[in-house]
Amino acid sequence: MSSSDAHALSPAHEADRQRHLAHHFDTMDTQEYAVRLAMWLFLGTEVLLFAGLFLGYTVYRHFYHETFHEASRTLSIVLGTTNTIVLITSSLTVALAYWAVKTGKNGLGAFLLVVTILCACGFLVIKGFEYHHKFEEGMLPGQFYHYAEITGPGANLYFTIYFLTTGLHAFHVIVGMSVLIWVLARLLKGHFSPGYYYPVELGALYWHLVDLVWIFLFPLLYLI
Amino acid sequence: MSQSSDAEAAPVYPAVNYLNADRGVWSWLSTLDHKRIALMYLVSVLFFFLIGGIFAMAIRLELLTPGPTIMSANTYNRMFTLHGVVMIFMFMIPAIPGVFGNFCLPLMLGAKDVAFPRLNLLSLYLYWTGSLLAVTAMAMGGLDTGWTFYAPYSTTTPTTVFPALLGVFILGFSSILTGLNFIVTIHTMRAPGLGWMRLQLFVWGIYATSIIQVLATPVIGLTVMLVGIERIGGFGLFDPTKGGDPVLFQHMFWFYSHPAVYIMVLPSMAVVSDAIAAFSRKNIFGYKMIAYSSLGIAFVGFFAWGHHMFVSGQSPFDNGAFAAISMLVGVFTAIKVFNWVGTLYRGAIAVTAPFVYICGFLFFIVFGGMTGIAVATVSLDVHWHDTYFVVAHFHFIMVGAVIMGFLIALHYWFPKMFGKKYNEGWGMVAASFIVLGFIATFIPQFLAGNAGMPRRYYMYPERFEALNVASTAGASLLAIGFVIVLIYLIYALVRGPIAGDNPWDSGGIEWMTTSPPPKENFHETPIIDRDPHSYQKRGEEVEHVVI
Amino acid sequence: MAQDAHPSPAAKDAPHAGGHGIGRYIAVWAILLVLTITTVATGRQDLGWVNLPLALTIACIKATLVVLFFMHMSESAGANRLVFVVSLVFVLVMIFGVFGDLWTRAPMTLPSGSPSTLGPEL
Amino acid sequence: MNDIMRTLLWLPVQASTFASKVDNLHYFVITVTMVASIATGLLAFYFFFKYRERRKAQSTPLVLPSVKFEIVVIGVPLFFFLLWFVQGFKDYVWYTSPPKNAMDVYVMGKKWMWKFAYGSQGPNAIGTLHVPEGRPVRLLMTSRDVIHSFYVPDFRIKQDLLPGRYTETWFEATKAGRYQILCAEYCGTWHSQMWGEIVVMPAQEFDNWLVEQRRGLSERVDTSTDDGDNFHGSIVEYGKKIAMSEGCVKCHSFDGEPHIGPTWLDLYQRRETLETGETIIADEAYLTDSMIDPRAKIVKGYKPVMPTYKGRLAAPEAAALVEFIKSLRSESLENVPSKEAIYEPVKRR
């Protein structure tokens, strides 16, 4: 175990770690390396998935930049900023939860995961309010658009992009939340220890990606 | 000399192997063994190859005469769409990675399995689900968009597009998961002593393919979903009446679909790199150049998508930029070809069916590749774009290179997979049919393109008739060839002679275990202490030649 | 088995238990909040062409912080970094490849209704 | 030589100035391709026999490439490929830069037919395009439904027609005769029957034909299928009708009288100063944009009161209006070819 010095794990934790070695891997180091690499690859695919929508945004913003500018002013900056802060905070709590589980503080970890999940719910609720407002005003994508204040060409496309990007993002929030709930359940059952915690790490990585996407969506849709 | 005396002893069929280790249908459907998953892929892709092939024959029959021949225009339009969708998404993309990647990759790494066996099985089930949806679309009347799904036609046609889009989306997931699995496997599961520069070239090719699968496929997933949303919701993203830009669809589509042609052709090049060394009993001439050129193709392939859009209304500036970059992809392929031919030089070439395919492959890849450069030359493409020239070029690469690669792999690893040998004589006969039939099918199509026959034509002006008749005649030769292959391989499976562990006397790591291999591949983990594709005997005086 | 092939990434990849504590996470979070407030404060003011680059720069800094520290890329294996960076490179390739087209299209070939001014304003 | 190659490759006649450029490069490229691929195939077969396995488990030498060899195998193909690229792109730039004196014809594709309208005061036609020999003709093309592609094999030209925007291509026919137009972008059930014809006439004959057509226009009752707008006249008359029905005349005069908006007389190609102080030329692009987004560029001295016609004018209607505006010249309304290239193929900033 070349890396066991770095871990400085207690024998009990090291045993727990070795218990999770799958039959086709040689060492736990290899296995952990494999799952992390797989997760980053998966995050790469997610980045490219969103890239398509960002491309759509770029193209239509280029064609209709004034309308896009005008339409972005109809979004509530208060709700948007609140949501940004909620997501950043949830990112912090999930990072801390990972740190807590890694250092053996499972109780604290569970608490932090609960906070993260609550933040995710809060984000969705706020987003729901925003959507509701848009539905009432008729700021809807494509053919459904009937908002009277902004009639310039491309206004319907702004809301197409708005709903597609935030909708796909909200879907990722829901998936991320489900993953974190699953991680929390396993944590409460006592499955994790400083020897074996990478499911928490992977769940947290996914959640950070959700945050990352929002970091770009927020200024593009709400601010500029 | 122990090797040759072994070969003369009667070959033994291993009593316990992955095929008979567990029994029952459920043991197959729930298996985590990469070899069994590979076999299930093999059966599935052959099934879809058959379906796609039937569509192809129907198309060729229809084009036998300039007017209506055997079907209506609407049926014909569905036929070529389904031919494209089935062949590309259900055969070409999963064929070599799904079957031979799955089977051989862990063996070549000296590993027990791929890194994530469950994910691998999930990938197969996703492939089945996606295919089932596409078949549903066919059963519900089919779709007539062409496999390219160009908006706004695809968003307005009244045919059953949505299930097919969903199917492509799910097939994309399957492809991503396979690619992800392979990348991680290659990074983490290599046997002791197996450094990156000791990997077999098949592994390098699959690695490059996987990178494209992982990074390009999400974009097509999103794109087909946007088309689906457009059909259902009218969101206007590609709809000019709502301010959308149809060319944006083409950009997004080709951002995936250009790299996707490398998803199809790179594994085939990988097979040839491995097989050419085995059948000429020689080390690969310029190993590093072949390995790096695979990565080069994977990388540069992402920069070239615009050459599909030269007459689409894309700006002339972008046309020039994409044309220039496309030339680089050609250079990488040229490097591979020189090194393959160099490998043959002073080899000890075994006269076998796979080798006939290799010769065909070399001709097809050069001709197909260079006509690819020709259509990437902007001014020439103005004439050739969307004509049969492009169809012929594409089929030279897709059939000429990919299916040759698939057949080489099937013959080369057949003994590995089943422990049986096929009949070499019939193999050569079928190979000759296929290579000649292929030339007879597609050379006339190049000429039809020159003469100006556009693709996707149900009826055509009479001046193209002679060429179309020639092409249909060639296609029937091709079909006969495939039927012969199917027959002798099934015969070999049932009553073929026992092959022995290494019938080709190949130097590949996958041959270091029994054929067929045991459930966990190797009885003891192999330790790799020599270069890949090395045929020099230990301790023997080896002549070094540098040219 | 892969140990011999690359012992360093595997070892390097394993997070260090005592490496850093809670303080760094909180600090990063605080910077993120400050940056959010900055971008909100500047975002809706009319700064001319500065708006877009400014907002994107701030977003990039925020994203970098999240990736490096929350996602621990600063201490993960080379392969992971490579994967993520390559995926970002391809995003840029995609956007600029398409942009090269839009930017140089003749005005009449833009979709009807688009303003004819062509320029870098996003 | 040219004819031998052309026959061998099944290429159709070369009936435009572009065709011979394409074909010359084509011969070069295809010859190198054939030589290279046959040489590779034959070399593989030769090695196949020469170096076939003589005895079981035969040993082979270790053959490796030298650096020189590697440079050659990278350099030689790259040289050819870049050569083709340079020549091809040069020809392409030529092909995308219509001469300034080109005659304009509007082309509209719809499922599954071609419709042509001559720029100034000309007739409309369905399916058949008459053009003069030896004079450049520019096609301004759009589609009514899905993407089509205008393909004339004998001219070696092809360009997609997109709904919602214009694309252009041009040609100069070199031989009088009849040439087939094919649709090259899949567009539905009868894609394979979306054919048309170009009739190339000697220049003098064409001029006579045009005069004849114009004279006959007023009396002629066109019974051919319409494109939904139920109007059968010249594109200019159509534009005038739209100007009336859409209310353009309420603010724009046709005769130079000052009004709420700028007069349309001599508007085309007029140099106007905008409110921003910028000077523009009122070309097709500006006129089209002003219908769609009128407030983007207001001419100095006028109020931004015009409503947008986005969604109210279909692309052919906007084109007809532009043609109508172009026809309002204080000098004679002759069949003069358009004087300037209307928009540059590549926008130079």
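Computed from the coordinates by the stated procedures, all read-outs in this text should not be read as laboratory data. Please read these numbers as outputs of a predicted model, since none were measured by experiment. Ideal geometry is used to build each Cβ from the backbone, glycine not excepted, and the neighbour counts take in all protein chains shown.
How many times 2.2 N^0.38 Å is the alpha carbon radius of gyration of chain B?
Taking the Cα Rg and dividing by 2.2 N^0.38 Å, one obtains 0.96.
Label chain D by shape, choosing from rounded, prolate and oblate, from the square roots a ≥ b ≥ c of the eigenvalues of the Cα gyration tensor; if a/c is under 1.5 it is rounded, and otherwise prolate applies when a/b is larger than b/c, oblate when it is not.
Prolate, since a/c reaches 1.5 and a/b exceeds b/c.
Amide H neighbours of D:Trp170 under 5 Å, counting only residues 5+ apart in sequence or on other chains, H built in-plane at 1.01 Å?
D:Leu139
By the gyration tensor of its Cα atoms, with a ≥ b ≥ c the square roots of the eigenvalues, what is the shape of region C:20-75: rounded for a/c under 1.5, prolate for a/b over b/c, or oblate?
Verdict is oblate for region C:20-75.
Using a Förster distance of 41 angstrom, determine the FRET efficiency expected from the C-beta separation of A:Leu188 and A:Val125, and round it to 0.05.
It comes to 0.95.
I need the phi-derived Karplus couplings for region A:35-43: 6.51 cos²θ - 1.76 cosθ + 1.60, θ = phi - 60°, integer Hz, Gly and Pro marked x.
5, 5, 4, 4, 5, 5, 4, 5, 4
Less than 23 Å apart at the alpha-carbon level, and either on another chain or at least 8 residues along: which lysines does that give for B:Lys421?
Within the straight-line limit of under 23 Å, B:Lys421 reaches these lysines: B:Lys35, B:Lys282, B:Lys519, D:Lys56.
Could you tell me the calculated FRET efficiency between C:Val50 and D:Glu212, based on Cβ-Cβ distance and R0 = 45 angstrom, to the nearest 0.05?
0.15
Can you give the direction-averaged projected area of the convex hull of the alpha-carbon atoms in the protein assembly as shown, in nm²?
About 48.7 nm², averaged over all directions.
Determine the alpha carbon to alpha carbon distance for each of D:Lys241/D:Lys303; D:Lys90/D:Lys110; A:Lys102/A:Lys189 and list only those over 27 Å.
From D:Lys241/D:Lys303; D:Lys90/D:Lys110; A:Lys102/A:Lys189, over 27 Å: D:Lys90/D:Lys110.
Rounded to whole Å and sorted largest first, what semi-axes of the equivalent ellipsoid does the C-alpha gyration tensor of region A:25-223 yield via the square root of 5 times each eigenvalue?
Here the semi-axes work out to 38, 18, 11 Å.
Could you rank the peptides D:293-299, B:191-197 by their average count of other C-beta atoms within 10 Å per residue, with the highest value first?
D:293-299, B:191-197
What ³J(HN,Hα) values, in whole Hz, does the Karplus curve 6.51 cos²θ - 1.76 cosθ + 1.60 give for region B:222-238 when θ = phi - 60°, with x put for Gly and Pro?
4, 4, 5, 5, 5, 4, x, 4, 4, 5, 7, x, x, 6, x, 5, 10
Putting +1 on Lys and Arg Cβ atoms and -1 on Asp and Glu Cβ atoms, find which of D:Leu129, D:Thr60, D:Phe79 reaches farthest to the positive end of the dipole of region D:45-137.
The residue sitting most towards the positive pole is D:Thr60.
Using only Cα atoms, locate the centre of region A:79-155 and the centre of region B:95-146, then give the distance between them in Å, rounded to an integer.
If we compute the Cα centre of each part, the gap is 35 Å.
Straight-line reach from B:Lys112: which aspartates and glutamates have Cα under 13 Å away, leaving out those fewer than 8 places along the same chain?
List returned: A:Asp26, B:Asp33, B:Glu510, B:Glu520, B:Glu524.
So what is the calculated 222 nm ellipticity per residue for chain B, using -39500 (n - 2.57) for each DSSP H run with n of 4 or more, over all residues, to the nearest 500 deg cm²/dmol?
It comes out at -21000 deg cm²/dmol, rounded to the nearest 500.
Would you mind checking which residues have amide H under 5 Å from D:Ser143's amide H? H placed 1.01 Å from N; only 5 or more apart, or other chain.
Close amide H contacts, sequence-distant or interchain: D:Gly109, D:Leu162, D:Gly164, D:Arg165.
Using the beta-carbon distance between D:Arg295 and D:Thr31 and R0 = 60 Å, what value does 1/(1 + (r/R0)^6) give for FRET efficiency, to the nearest 0.05?
Given R0 = 60 Å and the Cβ-Cβ separation, E is 0.55.
To test your reading of the geometry: what angle, between 0 and 90 degrees and rounded to tens, separates the Cα axis of helix D:203-217 from the longest principal axis of chain D?
40
What number, rounded to the nearest 500 deg cm²/dmol, is the helix-based mean residue ellipticity at 222 nm of chain D, given -39500 (n - 2.57) per DSSP H run of at least four residues and division by all its residues?
It comes out at -11500 deg cm²/dmol, rounded to the nearest 500.
What pairs in D:Lys21/D:Lys111; D:Lys21/D:Lys100; B:Lys537/D:Lys68; A:Lys134/D:Lys297; B:Lys242/D:Lys326; D:Lys175/D:Lys326 have C-alpha atoms more than 22 Å from each other?
D:Lys21/D:Lys111; B:Lys537/D:Lys68; A:Lys134/D:Lys297; B:Lys242/D:Lys326; D:Lys175/D:Lys326
Residue by residue through region D:260-274, which ³J(HN,Hα) values in whole Hz follow from phi under the Karplus form 6.51 cos²θ - 1.76 cosθ + 1.60 (θ = phi - 60°), with glycine and proline marked x?
My calculation for region D:260-274 gives 5, x, x, 5, 8, 5, 6, 5, 4, 6, 7, 8, 10, 9, 8 Hz in order.
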